[in-house]
1. Which of the chymotrypsin sites (Phe, Trp or Tyr not before Pro) found in region A:285-377 are loop residues per DSSP with 11 or fewer other Cβ atoms within 10 Å of their Cβ?
2. Would you mind getting me the FRET efficiency between B:Asp32 and A:Gln329? Use the beta-carbon distance for r and R0 = 41 Å, nearest 0.05.
3. For A:Thr339, put the label point 7 Å out on the Cα→Cβ axis and report which residues of region A:359-376 keep their amide N under 15 Å from it.
4. How much length would be gained if the chain were fully extended between A:Leu45 and A:Ser73, taking 0.36 nm per residue of separation minus their Cα-Cα distance, in nm to one decimal?
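Values quoted throughout were computed directly from the atomic coordinates according to the rules given, and no laboratory measurement underlies them. Since this is a predicted model, take the numbers as computed values, not measurements. When we count neighbours, we look across all protein chains shown, and the Cβ atoms used for this are built from the backbone with ideal geometry, even at glycine.
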Amino acid sequence: MDRRRAWLPLALGLAAAPGLLVSQVTGAVDLTAADVHYDGYLPSLAASLSPAARWQQGLFTLDARATLLRFESGNSSSQGLVAASAFTPSLGRWRGELAATAGASRYEHFASYRDALAAVRLHFLAPGGGAWIGVTFGGTALGSAARPVSAATLAVWSVRRGATLTASMTATRIGDTTYTDLSGLGEWTRGNVILNGALGARVWSRFAGRGVYGEAGAVIALRPSLALVFAGGRYATDPTRGSIAGRYASAGLRIVGLRPPRPERFDPRVLLASHRDAAAADPPVAPASIEFTSAAGTCTFVVHAVATRVEIASDLSGWQPVLLAPAGQDTWTVTLPVTPGLHRLNVRLDGGEWLVPGGFTPVADEFGGSVGLFVVR
Amino acid sequence: MTALRTAALAAALAGLLAAHAAAQDPRLERLDPDTRAAVAALVDSARQSGVPAEALIDRALEGAAKQAPEPRIVAAVTTLLGNLREARAALGASTTAPELQAGASAIHLGVPAAALTRLRAVRPRQPLTIALSVMADLTARGVPADSAAAAVLALAGSLRDDQFLAFRRNVERDIELGAPAAAAASSSVRLGAGAFTTDAGSSGSARPLRRP
């Protein structure tokens, strides 16, 4: 029963996913072998199976993850986790985040942990980096003994050429156990290789140990759906989830499954860096948005705008203004011949300035304004 | 006096050449005479060197539609011609016009020409139009040019065009999601390794479950 409970979060996460937008479900399975040495125990070889899945819709993300570990002794351990996060719309350079997680783990019949946490974070974006401050509340339970959890985190992050760096300080209280961790994380991506490392220190601690710890890892993508993963190092005790400090070295395969093959995760640094120049805060909302579909050499544009007259001009029209036809309230449409490739377009409302409609990539047009880019297959 | 005659002759020839080029494409009539002459000369130069002239005409017409002054239009067309030539040198003489236009856009946005050459090497027999377009689009969205090129090159060997467009949409969605999410993902999530921690995030790598 307890073992089933440990897997429940994953089951819930995966069961919910297909009913949502399948196109935004991504996931992977790790198969690894490890040499692990927990403090106070003999070294042991172990094999692990770790499936994970993510469902993402706009500002909301739902993750589910599990790990099944089998030691050379024949004993096994299991762990499951679901996590959800929702961002608020931005307010200038600020953005809020609400997050929650629920997890459980079990090692044979000796011990089982459960935890449920909720967090509130406030993010600040600056060119090339950002910072956030957050508080976490919840509870953790070993068997029937429950303890409250609270934590506060201050973190800063930065993107530099080829690397993402994060530094943080977290103060945690779990029942009568308190500790503060200083942590630095780094990630460097080059081609099909992602290198990451962490260095931390537990500096103030009551019943949670002290010390310095560090880990390093590498992900080498062999193809978009298959990667080699290597990791090793030493990590600190995590009283929230009942883990103890240890050292390890591991190697394995990562099979990226479900669909799509999550190429956007191939280079997380790209995604992080991508926001740097795309305005540290959100760009101003365009007074018009545009959608398009292309088929059989034509492209149908649908513009949503509050106006009495809507025109577009594009290389598709030889940069002659084309008047759109009304197609419902605040909706306008036109169909133009198109060829595959990168195209440029502007929209004009009621004879005003040429604008870049929301939905297209804005870029300086060399004439003192902006033009929208879009790609047609 | 001889110099004056030579200059007059050159001007007359240039005018005839421009008039000839302009006559080939009536769309250039939308430009004022001075701009038309300068653009026509650039268009003719492009045709002679095998670079697609249509993109140059489009750029000039874009400037005209936006009522840009002549120097800006001529400068934009001149820059585009240079980008197209650079793209052709990087991609090869047999490159199609849409590929050249997408490649020129990528170069204009800062993508190194060497990246285009590598892309051609990775996909020697497949059209590059969409891959180059996505590379340019990512760069325009603020992805550092070398990162955009690296991402497209890394995926070029295995993704189809529709998958490239899906990739672009995913990146766009993540950008809209905001950097904080990416920062959280970067620090605590790797490929499929979602995790939530009370601290700033763990490495999320191939670490074994923390229990003996």
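1. Working: sites: A:Phe292, A:Phe301, A:Trp319, A:Trp332, A:Trp354, A:Phe360, A:Phe367, A:Phe374; in loops: A:Trp319, A:Phe360, A:Phe367.
Those that pass, being in a loop and sparsely packed, number zero.
2. Numbers: r = 41 Å, r/R0 = 1.00.
E(calc), rounded to 0.05, equals 0.50.
3. Residues passing the 15 Å test: A:376.
4. Details: separation 28, 0.36 × 28 = 10.08 nm, distance 0.86 nm.
Extra length available between A:Leu45 and A:Ser73 comes to 9.2 nm.
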